[in-house]
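To start, the structure itself, in structure tokens.
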Amino acid sequence: MWERSVVAERTIAPHEDRTALPDEPPVPWMPSVPAPTASRPPATLVEAMGGPAVPDDIVEALGYVIDPELGVDIVGLGLVYDARVIDGIAHILLTTTTPACPVGSYLTDVIRWALLSLEHIERVEVELTHDPRWTPALMSDEVKVQLGWAR
């Protein structure tokens, strides 16, 4: 059984010239998933994916996976495009903030480690994609505030 490490939260004061994200056009990818809006982003991973319910323990375990460069969880960053459990196999579709991001293999290893600690998960398959590319619009409001993108 793995122990959850506690990562100290750090709050970055918003810069006065970056009070909010600019309005972005709707994301044309994933037609079954409504694009996040500035007024109300998806509240949960399940809502963001618009698909079958993901078990709460999967969402919780993914929430403990921290991007080492930003110090924020991958769910809040919007890096998890899809998560499904089929016959004991967790299928995770993941992206990184840029295609050149050096932590992709690190994140896939930590995701496997976190999910394999769950009793009902026998295997974890993580697919890393950059199509569609990640945008700041995918971040939760909490993460935008934490990183100084919004107030």
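The values are calculated or read from the model by the stated rules, or taken from the named source; none is laboratory data. From a predicted model like this one, the values you see are computed outputs, not experimental measurements. Methodologically, a virtual Cβ is constructed for each residue, glycine included, from the backbone with ideal geometry; neighbour enumeration extends over all protein chains shown.
Just a yes or no: is a residue in region 107-124 in a strand (DSSP E or B) and either crowded, with 17+ Cβ neighbours inside 10 Å or not hydrophobic (A, V, I, L, M, F, W, C) (or both)? Yes: one or more hits.
Please verify whether Thr135 is within 21 Å of Val54 (Cα to Cα), under 15 Å from the mean Cα position of the chain (by Cα) and either surrounded by fewer than 19 Cβ atoms within 10 Å (Cβ to Cβ) or without any contact (Cβ under 8 Å) to a residue 40 or more places away in the chain (or both), treating the condition exactly as stated. When the stated conditions are applied, Thr135 does not pass them. Where residues in region 44-57 are under 12 Å from the mean Cα position of the chain (by Cα) and surrounded by 14 or more Cβ atoms within 10 Å (Cβ to Cβ), which of them is modelled with the lowest pLDDT? That would be Val46. Of the numbered criteria (1) under 12 Å from Thr129 (Cα atoms); (2) surrounded by 22 or more Cβ atoms within 10 Å (Cβ to Cβ); (3) aliphatic (A, V, I, L, M), the one Ile74 fails is (1). The sole residue among Val80, Val85 that is surrounded by 17 or more Cβ atoms within 10 Å (Cβ to Cβ), without any contact (Cβ under 8 Å) to a residue 60 or more places away in the chain and more than 12 Å from the chain's Cα centre (by Cα) is Val85.
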